[in-house]
Structure formats: structure tokens, C-alpha cells
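A quick write-up on the structure given underneath.
The values are calculated or read from the model by the stated rules, or taken from the named source; none is laboratory data. Predicted model, so just to flag it, every value in this text is computed and none were measured. Cβ placement follows ideal geometry from the backbone for every residue including glycine, while neighbour counts extend to all protein chains displayed. Surface areas here come from the heavy atoms of the whole protein model, side chains and all, with no ligands, DNA or RNA. Shrake-Rupley method; radii C 1.70, N 1.55, O 1.52, S 1.80 Å.
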Amino acid sequence: MNTIFRKSMLSVAGLAFAGGVFAGPIAAHAATPAVDAKPVAVAVQSAAPKPQGEQSHITLNDEQSANVKAIIAATKKAGLPERAAVISIATSLQESKLENLGHLGDKNDHDSLGLFQQRPSSGWGTPEQITDPAYSTTAFLKGLKQVDGWQDMPLTDAAQTVQVSAYPDAYAQWEQQATDMVGQYWNS
């Protein structure tokens with residue numbers, strides 16, 4: 001549970017307690033008859049997580065849009081919720097701008113390949129597997145599922161735990177665009 005939400009809940013609970021303590025003695029002297037009242041639980045819903053920091057946005061070409069759809073399809077096939085697709089798409093936006101990258105020669109980060117810049121030498125799969133959008137997404141999601149509490153983590157923390165990037169906070173900038181894309185394609 002995030003800190004702000006936890007503090008809000010504690011504040012609401014504190015106000016309810018204080019209201020009961022101070023209203024109790026006053027209410028006992030009221031002219032209205034006593035009522036056999038039972039405590040009522042009140043659920044407070046938090047809004048969807050707000051993206052962290054400045055947000056980036058790129059215009060997608062047909063290949064990138066197809067890769068978004070492939071990520072969403074793999075997420076659904078894995079039986080995971082929309083949040084997993086948002087984290088996956090934001091990660092791919094940061095790692096490759098949703099382009100299925102092959103070997104980039106001297107510009108390559110070690111032997112990183114594909115949408116998620118996964119490395120064969122780190123056990124993510126063969127170059128052929130890693131450059132298959134369905135396989136690379138499934139591999140990323142497998143790593144995500146191993147992160148305790150990923151559903152409630154800030155996006156950048158969940159992505160970083162799987163990816164172990166040199167730029168751990170960079171994933172956050174893509175959360176809004178990833179959320180928008182999942183909203184656009186999840187039910188199509």
C-alpha cells in the first residue's frame with residue numbers, strides 16, 4: 001500500500017475515532033431515544049495511480065502499434081490484468097520505443113535484443129526467441145510475476161526489479177502513454 005494512501009486511511013480512521021469519542025458523551029445527553037446501532041464499515045477507494053514525474057510521449061508507427069497489441073495479447077494469454085500490460089508497454093517504450101530491435105553493432109548494449117532489450121547471455125532466451133514479441137513479453141511477465149507485490153508498486157519499481165536497468169527511474173515517464181494504449185486496445 002503506498003504511503004500517501006496509508007496516511008489518508010489512518011487520517012480517516014483517526015477522525016472517525018475522534019468523532020466517536022467526542023460525539024459519544026454529547027449524544028448520550030440528547031433527547032432522542034437510544035438506537036441499537038451497529039458499526040458500519042466504510043470503504044474508501046483510491047484513484048488510479050497517478051503517473052510519476054514528467055511524462056514522455058511518442059507517435060507510433062504500424063510496427064510499434066502491432067507490438068503494443070502483441071504485448072496485450074501475451075498479457076491476456078498469461079491471465080494477467082491490465083496493470084501488467086501497462087508495466088510491460090512502459091518498459092518496452094523505455095527499452096526500445098516499442099521497436100523489435102536486432103543486434104545494433106557498436107550501438108548495442110552488450111547483447112540486448114528485442115522489445116525489452118533482453119540479453120541471451122543473461123538467460124532470457126535465444127536471439128530468435130527474444131526478438132519474438134510474444135516470447136519476449138511472456139519472459140518479461142514471468143519475471144514480473146516473481147516480484148512480490150508488483151500490482152501495488154509504482155510502475156518504475158516493478159519494471160526495474162525485472163529489468164535491472166542502469167536508469168531505474170526512466171520507466172515512469174512512459175506510464176501515461178502505456179495506460180492510454182492499454183485503454184485503447186485491451187478490449188479490441
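The set of residues in segment 152-177 that are outside any loop (DSSP other than H, G, I, E, B) and free of Cβ contacts under 8 Å to residues at least 24 places away in the same chain comprises ASP157, GLN160, THR161. Of all residues in segment 58-107, those being exposed (fewer than 14 other Cβ atoms within 10 Å of the Cβ), in contact (Cβ under 8 Å) with a residue 12 or more places away in the chain and not in a helix (DSSP H, G or I) number 4. For ASP180, are the conditions met, namely being in a loop (DSSP other than H, G, I, E, B) and open to solvent by 70 Å² or more (accessible area, probe 1.4 Å)? Answer is no for this residue. The conditions are (1) closer than 15 Å to VAL86 by Cα; (2) among the hydroxyl-bearing types (Ser, Thr, Tyr); (3) open to solvent by 20 Å² or more (accessible area, probe 1.4 Å); (4) in contact with a Phe, Trp or Tyr (Cβ under 9 Å, 6 or more places away or on another chain), and THR156 fails exactly one of them. Which is it? It fails just one condition, (3). No other residue among VAL147, VAL164 is of a type in the set (A, V, I, L, M), open to solvent by 50 Å² or more (accessible area, probe 1.4 Å) and out of contact with any Asp or Glu (no Cβ under 8 Å at 6 or more places or on another chain) apart from VAL164.
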